[in-house]
Amino acid sequence: MNLICSKCNTPKKWYGKARRQLICPRCLLERSTKQQQDKKRADPLFAAKEGAAWRKRNPRSYLQSKLKVYGLTLEDYDAIFAKQKGVCGICKKPEMDKVHRNLCVDHERKTGKIRGLLCGRCNLAIGLLGHDPVVCSNADRYLKHFLKMQSEFLGERE
């Protein structure tokens, strides 16, 4: 039995009910698409909010899509995560950042080889230091020197 769509007035076999009107699937899709576009125009952060909501509902799917960049599967990630006991490879703390719900995949830039998992802060720090082991070592020496000077200063005051 063919019914007539109340929106486009064409006979259709499949109908969806929306607001007590018979509307064909094509018109229903067009209307929902228009509603989405209207929401996007009204709220510039609509897409970001929708994406954040989807990531919250589907955390493993989101992680899987991010891992494809490195050629990893969820099983590979879980194996590395278990090997590191669920903590960052540098600071040995679990990921606490609300933005990065999972530990970041750290990789060697030239070869693409996976080095391990890092928290968001340590991953950012390595990036800001240019992925250069010499610079990282210099930063380590600098901080140790400061701690030594501070302890000597406090020792003189007592």
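How do the pairs read when you match residues in region 70-83 that are on the phi > 0 side of the Ramachandran plot with residues anywhere that are outside any loop (DSSP other than H, G, I, E, B) and of a type outside the set (Asp, Glu), using Cβ under 9 Å and keeping only pairs 6 or more apart or on different chains?
Qualifying pairs under 9 Å: Gly71/Ile114.
Can Lys12 be described as at pLDDT 80 or above and surrounded by 13 or more Cβ atoms within 10 Å (Cβ to Cβ)?
no
Return yes when Tyr77 is of a type outside the set (A, V, I, L, M) and surrounded by 14 or more Cβ atoms within 10 Å (Cβ to Cβ) and no when it is not.
Yes.
Could you run through region 40-68 and say how many residues are surrounded by 11 or more Cβ atoms within 10 Å (Cβ to Cβ) and hydrophobic (A, V, I, L, M, F, W, C)?
6
Only residues in region 110-136 that are in the same structural domain as Ala82 (by TED's automatic domain parsing) count as the first member; pair them with residues that are of a type outside the set (Val, Ile, Thr) and in a helix (DSSP H, G or I), Cβ under 8 angstrom, at least 6 apart or cross-chain, and list the lot.
Gly112/Tyr70; Ile114/Tyr70; Leu117/Tyr77; Leu117/Phe81; Ile126/Cys136; Leu129/Cys136; Leu129/Ala139
Give me the residue from region 54-101 that is assigned to a helix (DSSP H, G or I) and of a type in the set (Lys, Arg) and, out of that set, farthest from Arg121 (Cα to Cα). Show your work before the answer.
In the first step, residues of region 54-101 are kept if they are assigned to a helix (DSSP H, G or I); the result is 54-57, 59-70, 74-83.
Still in the running and of a type in the set (Lys, Arg): 55-57, 60, 66, 68, 83.
Values: Arg55: 21, Lys56: 21, Arg57: 24, Arg60: 21, Lys66: 18, Lys68: 22, Lys83: 20 Å.
This residue is Arg57.
Considering only residues that are modelled with pLDDT under 90 and at positive phi, which ones fall in region 94-152?
Those that are modelled with pLDDT under 90 and at positive phi: Gly112, His131.
Looking for whichever is at pLDDT 75 or above, of a type outside the set (Ser, Thr, Tyr) and within 30 Å of Lys92 (Cα to Cα) here; the options are Glu75, Glu50, Glu30. Which one fits?
Details: Glu50 fails: within 30 Å of Lys92 (Cα to Cα); Glu30 fails: within 30 Å of Lys92 (Cα to Cα).
Unique residue meeting the criteria: Glu75.
The values are calculated or read from the model by the stated rules, or taken from the named source; none is laboratory data. Keep in mind the model is a prediction, meaning the values are calculated, not measured. Backbone-built Cβ (ideal geometry, glycine too); neighbour counts: all protein chains shown.
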